[in-house]
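A quick write-up on the structure given underneath.
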Amino acid sequence: MSAQETALATDWLQDKAARVEQVLTELMPSPDTLPGRLHEAMRYAVLGGGKRIRAALVYAAGEAALMGQGLSSAQHKALDHCAAAVELVHAYSLVHDDLPCMDDDVLRRGQPTVHVAYDEATAMLVGDALQPLAFQLLADMPIAPALSVQASLELARAIGSQGMVGGQAIDCDNVGQHLDLAQLRTMHELKTGALLKGSVHLGAIVVAASSKTRSALDQYAQAVGLAFQVADDILDTTADTNTLGKTAGKDAEQNKPTYVSLMGLAQAQQLLAELSQQAQQALLPLGESRRVLSALAQFIAIRDH
């Protein structure tokens, strides 16, 4: 990744992270609204941290799908709602993932996890409240109702028992067990990849992208979704807690199957490079409009946290 491409990805990500942070700040319930403590905990879980990769993929896919035509004000607002929705769902999944009955972690995004900062019951309720709020935002998009329905279906499929939650269930069922590479890939395509892929699809849906464009974005999302998890597995082995903002080495400590544990570090790094290349190839039909998506794929592969 050249210095110019790195700067593009970094600046663009910072801009979109700030944008979705502002959208989330405005759209989430205030702590002054009853039940105040729950709303405070929801904002604690969502605001002020995270790379916002999923939100960035929503924006980048929507902009790329228009092939340089430019977004209308309604499409801008719809992309804001989709970007906020995927971040709400991601935050809910992290809150529940950190609970004592799951990964039992005490650190997330460099601060105490929600059940530590508040309590377990509040953490459960935070996740329970963030998920329906995400669908409320999708229902309130200023676009054709048929597109809002498509977006809601896309997110539901991405996070249900055949998506993110299903992958989490497989993960929980296989702590200390042996998985082969095909089984591990299936687990991570659901647990991590489904929401990343759904984020790309949501951006395409909002702007009513053509079937050809959606096909290219689907192939891109498939590669990027898996690359993100492989990178996570590598970072869990190679990075420290301060850099990650969460407990390093947790997977090995809990004897969870990972790409590093199954393939070794060098082969996992090779797989990551191959997936990054697959993502780049998938974008070729988009021409010049692929630039940001291309930079994001490279950023995902070389990130340090």
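Quick notes
- Within segment 26-51, the set of residues being in contact with a strand residue (DSSP E or B) (Cβ under 9 Å, 6 or more places away or on another chain) and either part of a helix (DSSP H, G or I) or modelled with pLDDT of 95 or more (or both) comprises 44, 45.
- Test: residue in segment 52-60 that is touching a helix residue (DSSP H, G or I) at 6+ places or on another chain (Cβ under 9 Å), more than 24 Å from residue 25 (Cβ to Cβ), in a helix (DSSP H, G or I) and modelled with pLDDT under 95: no
- Breaking point among (1) farther than 18 Å from residue 127 by Cβ; (2) more than 18 Å from the chain's Cα centre (by Cα); (3) surrounded by 13 or more Cβ atoms within 10 Å (Cβ to Cβ), for residue 41: (1)
- Some residue of segment 236-248 being at pLDDT 90 or above, part of a helix (DSSP H, G or I) and among the β-branched types (Val, Ile, Thr): no
- Any hit, segment 46-59, residues being farther than 28 Å from residue 149 by Cα, charged (D, E, K, R), crowded, with 16+ Cβ neighbours inside 10 Å and without any contact (Cβ under 8 Å) to a residue 60 or more places away in the chain: no
- Residue 10 falls short on exactly one of the conditions (1) more than 27 Å from residue 215 (Cβ to Cβ); (2) in contact with a helix residue (DSSP H, G or I) (Cβ under 9 Å, 6 or more places away or on another chain); (3) at pLDDT 95 or above; (4) assigned to a helix (DSSP H, G or I), and that condition is (3).
- Members of segment 64-73 that are surrounded by fewer than 23 Cβ atoms within 10 Å (Cβ to Cβ) and either at pLDDT 95 or above or closer than 13 Å to residue 204 by Cα (or both): 66, 67, 71
- Considering residues of segment 107-137 that are among the aliphatic types (A, V, I, L, M) and in contact with an Asp or Glu (Cβ under 8 Å, 6 or more places away or on another chain) only, the residue nearest to residue 166 (Cα to Cα): 123
- Residue match in segment 74-94 (condition: surrounded by fewer than 24 Cβ atoms within 10 Å (Cβ to Cβ) and either in contact with a Ser or Thr (Cβ under 7 Å, 6 or more places away or on another chain) or without any contact (Cβ under 8 Å) to a residue 24 or more places away in the chain (or both)): yes
- Taking the criterion of being over 16 Å from residue 41 (Cβ atoms) and among the hydrophobic types (A, V, I, L, M, F, W, C), the only residue of segment 107-123 that qualifies is 107.
- Flag if residue 282 is crowded, with 20+ Cβ neighbours inside 10 Å, touching a Phe, Trp or Tyr at 6+ places or on another chain (Cβ under 8 Å) and either at pLDDT 90 or above or among the small types (Gly, Ala, Ser) (or both): yes
The values are calculated or read from the model by the stated rules, or taken from the named source; none is laboratory data. Quick caveat: nothing in here was measured; it's all calculated off a predicted structure. Note: ideal-geometry Cβ built from the backbone for every residue, glycine included; neighbour counts use all protein chains shown.
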